[in-house]
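Note sheet for the following structure.
Each reported figure results from applying straightforward, stated rules to the coordinates on display, with no laboratory input. In this text the structure is predicted, and so the values were computed from the model without any measurement. All Cβ positions, glycine included, derive from the backbone under ideal geometry; neighbour counts span all protein chains shown.
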Number of protein chains: 2
Amino acid sequence: MDDMSELPLDAETKVIERPGDHKDELRLWLRLLSCQTLIESEIRRRLRDRFDTTLPRFDLMAQLDKAPVGMKLGELSQRLMVSNGNITGLVDRLVAQGLLDRQPAPNDRRAQLVKLTPEGRRTFRAMACVHEEWIASIFAELAADEQETLMRLLGKAKESARKSITGDG
Amino acid sequence: MDDMSELPLDAETKVIERPGDHKDELRLWLRLLSCQTLIESEIRRRLRDRFDTTLPRFDLMAQLDKAPVGMKLGELSQRLMVSNGNITGLVDRLVAQGLLDRQPAPNDRRAQLVKLTPEGRRTFRAMACVHEEWIASIFAELAADEQETLMRLLGKAKESARKSITGDG
DNA sequence: TCGAACTATTTCAAGCTTAAAGTAATATCC
DNA sequence: GGATATTACTTTAAGCTTGAAATAGTTCGA
């Protein structure tokens, strides 16, 4: 793990080519992770305290709010980047709460269309409004141009990750 | 939700002051989240496929690798930003695997010190080495200065979030 | 020193999450 | 048309995660 004991430890060390050392990328990943975890735990806590719901349920409803005609389970699973079985359980619970509606999909007896009930839509919109304020205040100390740069670099990181994962490029 | 129907929809719209609209911050949050999720799921998959372990176990061992004398459960819980009960279960499983060791803490009969066994240390170091390569290749398309900027802006976002959450500043 | 407040950890119930295996319906190919 | 593959979804077992309540030990003030 520590194969550079003979190298100088001053400021220049950072830019010396050290094959096999990727500590900077590791630190970047850990910071991305801790930033996300910090924000997400707070959002989870607030959703529970103020709306007695969970983040996965909120996220699922957010997808459905954008799809007036409803969505198939598989589409939800793709958009939320979670497994099919996961969606099945989430939808079950939201239907039991009266916030969602299952109906057979036209032209495909395997599939079903899930959509928000009127109550579900009302409930979601009220939460979404407050949620948006939470997020805004969390990023409040970043100037508009910093937000833009962050947005762009995260996009690039995502693209880089996707290529690395799929083996492209 | 849509109270700006009378405003122009051209490029200038972005910079007009619209009280109550925070869609950009929302998009930033969603991108941060999807970037993190994409990378994390891949790391989880690889840890399982190649080392038959999980991310929480890996993270816990990473903390212990930096603490030669061991760590108390509460300290682990703080550093990993998870609940106490969570740590109890994780440590149980890692002890059962022979990778961790529990021992009573000196001067406090409530607490215990957890440390890596020699096998645990060997196992972790082998994984950490490969893990570091995975992370490096995931961020490979970002230039050094882009990584630096991203690091800095994430730090600032984290600070902003922390202040917003604790009610400071 | 006694009791109250605090701290470290465990236990519990509920929900989230996944991979793998199973069921049912659709699509494709000959 | 009928075998085969694919697709949509559900089920299951195992592990992760949390908040709340319980247990045990420590600290601190009167």
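Each of A:ASN107, A:SER137, A:THR166 was scored by the projection of its Cα onto the charge dipole of the protein assembly as shown, and the greatest displacement toward the positive side belongs to A:ASN107; charges sit on the C-beta of Lys, Arg, Asp and Glu. State which stretch of chain A is the longest one without any exposed GluC sites (Glu not before Pro), exposure meaning a DSSP loop state and at most 12 other Cβ atoms within 10 Å. Longest run free of exposed loop sites: A:18-169.
For the protein assembly as shown, state the average projected area of the convex hull of the C-alpha atoms over all orientations, rounded to one decimal in nm². Spelled out: convex hull of the Cα atoms, projected over all directions, averaged, 23.1 nm². Using a cut-off of 25 Å between Cα atoms, the listed pairs A:LYS158/B:LYS158; A:LYS158/B:LYS163; A:LYS163/B:LYS163; A:LYS156/B:LYS23; A:LYS23/B:LYS23; A:LYS115/A:LYS156 include A:LYS158/B:LYS163; A:LYS163/B:LYS163; A:LYS23/B:LYS23; A:LYS115/A:LYS156 as exceeding that distance.
A point 7 Å from Cα along Cα→Cβ stands in for B:GLY167, and the other copies hold the same point at 5.4 nm, listed in rising order. Full extension of the chain between B:ARG46 and B:ARG152 yields a length gain of 35.3 nm, computed as 0.36 nm times the residue separation minus the alpha carbon distance. Within the shell defined by Cβ-Cβ distances under 13 Å, the residues around A:PRO118 carry a net charge of +1, with Lys and Arg each +1 and Asp and Glu each -1. Annotation: amide H of B:GLY70 has no partner in the under-5 Å range at sequence separation 5 or more or interchain, hydrogens built in the peptide plane. Each other copy holds its own label point for A:ARG93; taking that point as 7 Å from Cα along Cα to Cβ, the gaps run 1.9 nm, nearest first.
Distance between the 7 Å Cα→Cβ label points at A:GLU159 and B:ASP108: 4.9 nm.
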